[in-house]
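Participant: This is the structure I want to talk about, given as structure tokens.
Since every read-out is calculated from the coordinates, none of them should be taken as a lab result. Fair warning: this is a prediction, and the values are worked out from it, not measured in the lab. Quick reminder, even Gly has a Cβ in these numbers, built from the backbone with ideal geometry, and neighbours come from all protein chains shown.
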Amino acid sequence: MTRRNLKAQLSYSFVCLGVVLLVAAVARFSYPLQTPGSFAYIAWNAAYEYLRDMSLLIATGGVAYLTNVYQKRSSFIDSLKEEWRDVLHAKSALLEFTHLEQPTSQNYVAAFNVLSETIDNMRTVYRNVGETRDLVGLYPFAPLHDMRRVLQTLNPAKAQAVSEAQRKQVRDAILQAFYALREVFLEELDLEEPSRPLLIFGGRRLKKSGASRWAQAWQDRQSKRHSKIATPDAVIDALHKELYDKEQATPKPWRDLVTNRDGRTGA
């Protein structure tokens, strides 16, 4: 279920719910104003009693309907994510092929098959735009065919001598088509902005090296318990300790050295 269909289904659900609530409200406040025993009194009273008795069934049906709608949407999103992974795989295969100085026909067929499968698999997610019983319609994401056409210009069976400039041009054309596809394809996923993005270049860790006192005490207790038990292989333990101490004593651009509780210097 596409995002447009989801909105349509939700709008339909809320309209139906609003109509039911409106009828219930009118019935509830109308029948006491009518003359007891009159047709209007009996009709509005019966409508209100019916809706009140059926309220649980109506609510259950509404929840079941919305659950089914969101399950279809979730299944569609899963299919869409799988198809996007195929698109990424195809893009990588094509770019890799354009970097080969002397590609073989086997290399070309492998790259072409990956892209061809991606193009065909799109039909498991979307139908063609404008497709009818008599018309094929338009492929929903034309950049994939742009990628196919530029790839075909590097077919070793037809282009024996391909320069680096030609391969670079094809590579740039593939990337242009991919970026155009990505811009519209990912909109269907309803992606949200991250709550804590890192937007600067050259970002680095802001937290200092080390841990809280209770975590260090926990580490010390575990170390003491393990030291009381005979080790199966002292050589392995010595190797682990040597490598750990060496790593902790080596400063890195992303971490500083701190003094541990036992007086050792580490990251």
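Participant: For the pairs Lys7/Lys72; Lys224/Lys252; Lys7/Lys91; Lys208/Lys252, note any where the Cα-Cα span goes beyond 20 Å.
Facilitator: Checking Cα-Cα distances, Lys224/Lys252; Lys7/Lys91 exceed 20 Å.
Participant: Also: List the trypsin sites (Lys or Arg not before Pro) within segment 44-112 that DSSP assigns to loop and that have no more than 15 neighbouring Cβ atoms inside 10 Å.
Facilitator: none
Participant: Can you list the residues, at least 5 places off or on another chain, whose amide H is less than 5 Å from the amide H of Ser209, using H built in the peptide plane?
Facilitator: Asp256
Participant: Measure nothing fancy, just the Cα-based angle from helix 3-30's long axis to the longest principal axis of the chain, in degrees from 0 to 90, nearest 10.
Facilitator: The answer is roughly 40 degrees.
Participant: In addition: Specify whether the C-alpha gyration tensor of segment 125-262 places it in the rounded, prolate or oblate class, a ≥ b ≥ c being the square roots of the eigenvalues: rounded for a/c under 1.5, otherwise prolate if a/b is larger than b/c and oblate if not.
Facilitator: It comes out prolate by the Cα gyration axes.
Participant: GluC sites (Glu not before Pro), restricted to segment 105-180: which are DSSP loop and have at most 16 other Cβ atoms within 10 Å?
Facilitator: Working: sites: Glu117, Glu131, Glu164; in loops: Glu131.
In loop regions of segment 105-180 (DSSP not H, G, I, E or B), the sparsely surrounded GluC sites (Glu not before Pro) are Glu131.
Participant: Report P(r) for the chain: all Cα-Cα distances, bin width 10 Å, range 0 to the bin holding the largest distance, values in whole percent.
Facilitator: Pairs per bin, as whole percents: 5, 15, 14, 13, 15, 17, 11, 6, 3, 1.
Participant: Let me ask you something else. Taking only the Cα atoms of segment 77-189, how large is their convex hull per residue, in Å³?
Facilitator: Given the Cα convex hull of segment 77-189, per-residue volume reads 101 Å³.
Participant: As a check on your grasp of the helix formula, calculate [θ] at 222 nm for the chain: sum -39500 (n - 2.57) over DSSP H runs of n ≥ 4, divide by the residue count, round to the nearest 500.
Facilitator: Helix contribution divided over all residues of the chain: -21500 deg cm²/dmol.
Participant: Could you run the Karplus curve 6.51 cos²θ - 1.76 cosθ + 1.60 with θ = phi - 60° over segment 210-219 and give me ³J(HN,Hα) per residue in whole Hz, x for Gly and Pro?
Facilitator: x, 8, 5, 4, 5, 5, 5, 5, 4, 4
Participant: Among Ser212, Val184, Leu115, which residue has its Cα furthest toward the positive end of the charge dipole of the chain, with +1 on Lys/Arg Cβ and -1 on Asp/Glu Cβ?
Facilitator: Result: Ser212.
Participant: Select from segment 1-104 those GluC sites (Glu not before Pro) which occupy a DSSP coil region and have at most 10 other Cβ atoms within 10 Å, ordered by residue number.
Facilitator: The qualifying sites are Glu101.
Participant: Taking the Cβ of Ala165 as the centre, find all other residues whose Cβ is under 14 Å away and add up their charges (Lys, Arg: +1; Asp, Glu: -1).
Facilitator: 0
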